[in-house]
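Heads up, the thing below is written out as structure tokens.
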Amino acid sequence: MKPEITVSAADLERLEALLAMPPNRGRRDLDGLRDELDRAKVLDTDAMPDNVITMNSRARFREETSGREYELTLAWPHEANAADGKVSIFSPAGSALLGLSVGQRIDWQTPEGHAIQLRVLAVSHGA
């Protein structure tokens, strides 16, 4: 079962506009993001809790089995940069992280095919 997610109205509006652009409309690889947006609880941007992953926020995670911790920034597609830890919202990882809050856990399939569990430890917003 997927955890509940919350998305800001501003992020939803911009993401829906990106998904509606001609180059993205027919992309089946973005169906996961579309599904996440469809099931999200939407709040006014000013009402968003500080502990929720939004666009451009930085989140710290722990991989539950290994205990390894790492940080990622959820980025717009044109700003994504793996070397800087910026994951695109258009990637499966990015769309899975949008809207999660501190304490929530998701089951994740790595590119190598391993099943892992990630827990959100902290979220920071800003620069």
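The values are calculated or read from the model by the stated rules, or taken from the named source; none is laboratory data. For clarity, every value in this text was computed on a predicted model and none was experimentally measured. Accessible surface areas use protein heavy atoms only, side chains included; no ligands, DNA or RNA. Shrake-Rupley method; radii C 1.70, N 1.55, O 1.52, S 1.80 Å.
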On a full-extension model of 0.36 nm per residue, what is the gain between Asn24 and Glu71, subtracting their alpha-carbon distance, rounded to one decimal in nm?
14.2 nm
Per residue, in Å², the accessible surface of region 9-127 once ligands and nucleic acids are set aside, probe 1.4 Å
56
Extended-chain gain in nm, criterion 0.36 nm per residue less alpha-carbon gap, Asp31 and Leu121:
29.7 nm
What is the percent of Cα-Cα separations in the chain that go past 19 Å?
46
